[in-house]
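Structure, as structure tokens:
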Amino acid sequence: MYFYAARQPILNRDKELIGYELLFRDSLENVFPNINEDEATSRLIEGSQLSLGLEDMTGDKPAFINFTLETLLKGYAKTLGNKEVVVEILETVQPGKRLLTAVKELKEMGYTIALDDYKHAPVWRHFYPYVDIIKIDWLDTTLEQINEIIEETKSFPSIRYLAEKVETPEQFEQAMELGFHYFQGFFFAKPEVVQSRALAPNEMTLAELLYETSSPEMDLKKVTEVFERDVNLSYKLLRYSNSAAFKRRAEISTIKQALVVLGIEELKRFLSVLFTAQVASDKPPELMRLCLTRAKFAELLSQQAGHHQESSKAFLTGMLSLIDGILDQSMETVLEKLPLSEEIKLAILKREGRLAEYLGLVEAYEKALWKEANEIKARLNLKADEIPTAYHDALQWANIQMDTMSN
């Protein structure tokens with residue numbers, strides 16, 4: 001039996017990561033609601049404890065997990081630490097005495113309680129003293145309804161509001177103005193300001209290196225010269241090649257030796273990570289983590305599909321798939337400035353070619369669009385049981401890279 005789950009980041013008003021909502025499905029073929037909600041919750045908890053580990057999915061941040069009345073009464077939430085999980089009460093749960101008793105007990109034990117996809121009803125007032133977060137579906141709730149919820153809960157200042165399905169900068173700004181505290185959606189991956197930003201000199205050097213290493217026959221002498229004229233890049237290269245991931249018999253004494261130690265494929269990964277990190281330095285760290293996860297996931301998918309020769313292209317496609325949001329420009333404008341292969345540009349801009357299929361599967365997995373993921377999986381002739389493993393490995397790899405860059 002395999003564990004299928006995806007995660008969606010939750011950010012605060014400063015666009016800092018505060019947690020992830022975990023989304024469970026039985027398989028790539030099984031689309032909710034074809035699975036019982038009680039089973040979905042229990043399988044998610046079981047899988048996150050035994051198959052994957054919450055720390056692999058969420059790092060040191062709490063997991064927002066949906067609970068039904070049945071799973072709450074069975075004590076499933078208590079199997080997780082009160083700092084590991086935010087207990088989300090599903091919108092399908094009817095408020096009543098049994099639910100109120102369960103919520104009171106969890107609150108007394110230090111758990112954080114959230115009401116999912118909240119629709120106001122007077123009976124919920126009994127729960128307000130124990131509720132920490134009210135989640136509101138931004139696309140399914142009118143402004144009048146939102147103001148009513150805020151008015152009804154204003155006597156409980158400890159309650160925080162979370163806007164779900166925030167997809168555009170305009171929606172984010174509106175939610176901010178209304179006083180929302182947390183946000184869930186892909187708004188941070190979109191251009192926030194229509195403006196022109198030029199690549200800094202160091203970023204241009206990295207773009208040049210990406211181009212040089214993308215050719216079938218890399219000119220090692222030319223690449224070495226580029227590194228040698230940039231002290232900062234040389235330092236990062238030597239530090240990276242000196243990491244525990246690379247086993248060496250001798251100390252590295254030259255830039256050329258460091259490049260040889262890495263090898264062409266690892267050098268490409270290093271450069272694409274470095275480039276994206278450089279231009280994303282003033283963006284939420286979670287955006288960089290998402291870029292890293294996409295890159296590694298796409299690379300692993302290409303390898304699983306038997307196309308090892310294009311895995312580095314798949315990696316770069318995933319890495320640059322959010323570059324428009326990083327640079328606050330349209331994707332067309334950004335890619336015009338980068339010396340990328342036509343194959344990568346077509347995949348990102350036109351969604352054409354096999355690289356686009358990898359990217360589509362990555363995005364479907366992020367949003368738990370399992371039906372779409374299954375269709376792409378079939379076209380790529382991938383094995384369903386290998387995809388969750390690739391996603392898990394990509395998450396771990398991205399976490400390691402983020403730790404490396406922050407030290």
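The values are calculated or read from the model by the stated rules, or taken from the named source; none is laboratory data. Source: prediction; values computed, not measured. With ideal geometry, Cβ positions are generated from the backbone for all residues, glycine too; neighbour counts draw on all protein chains shown. Ligands, DNA and RNA are stripped out before the accessible areas are found, and what is left, the full protein with its side chains, is counted by its heavy atoms. Shrake-Rupley method; radii C 1.70, N 1.55, O 1.52, S 1.80 Å.
Once backbone amide H atoms are built at 1.01 Å from N, T112 has V87 as its partners under 5 Å, excluding neighbours fewer than 5 places away on the same chain.
Between M218 and S330, the contour length at 0.36 nm per residue exceeds the alpha carbon distance by 37.3 nm. All distinct Cα pairs of the stretch 78-189 go into the 1/r average, and the inverse of that average, the Kirkwood radius, is 14.6 Å. Taking Cβ atoms as reference points and 10 Å as the exclusive limit, the residues near P285 contribute a net charge of +1, counting Lys and Arg as +1 and Asp and Glu as -1. In the assembled protein chains, D117 presents an accessible area of approximately 40 Å² (probe radius 1.4 Å). Note on L73/D282: beta-carbon distance plugged into 1/(1 + (r/R0)^6) with R0 of 35 Å gives a FRET efficiency of 0.15. Can you give the FRET efficiency to the nearest 0.05 for E228 and K337, using r as the Cβ-Cβ distance and R₀ = 30 Å? According to the calculation, E is roughly 0.75. Cross-link partners of K78 among aspartates and glutamates, defined as those whose alpha carbon lies under 15 angstrom from its own and excluding same-chain residues fewer than eight positions apart: E46, E70, E88, E105, E108.
Modelled label positions at M176 and E105, each set 7 Å beyond Cα in the direction of Cβ, lie 4.2 nm from each other.
For H392, the accessible surface of its heavy atoms amounts to roughly 40 Å² (probe 1.4 Å, protein chains only, rounded to the nearest 10). Residues R294, R289, R125, R379 ordered from highest to lowest accessible area at a 1.4 Å probe: R379, R125, R289, R294. Residues in the stretch 168-177 carry Karplus couplings, in order, of 10, x, 5, 5, 4, 5, 5, 5, 4, 5 Hz; the curve used is 6.51 cos²θ - 1.76 cosθ + 1.60 with θ = phi - 60°, and Gly or Pro positions show x. Can you tell me how the stretch 345-407 classifies by the Cα gyration tensor, rounded, prolate or oblate, using a/c under 1.5 as the rounded cut? Because a/c hits 1.5 or more and a/b fails to exceed b/c, the stretch 345-407 counts as oblate.
Placing dummy labels 7 Å off each Cα toward the beta-carbon, the span from E151 to D14 is 3.4 nm. With R₀ fixed at 35 Å, the C-beta to C-beta distance from Q303 to E91 puts the FRET efficiency at about 0.30. Residues whose amide H comes within less than 5 Å of that of G19, counting only those at least five positions distant or on another chain, are I10 (H built at 1.01 Å from N in the peptide plane). If the limit is 27 Å between Cα atoms, which of K337/K377; K74/K371; K61/K337; K222/K313; K221/K268 go over it? Listed pairs above 27 Å: K337/K377; K74/K371; K61/K337. Modelled spin labels at A384 and K367, positioned 7 Å past Cα toward Cβ, are 2.2 nm from each other. Measuring between alpha carbons in the structure, the pairs from K83/K107; K119/K367; K83/K119 lying more than 21 angstrom apart are K119/K367; K83/K119.
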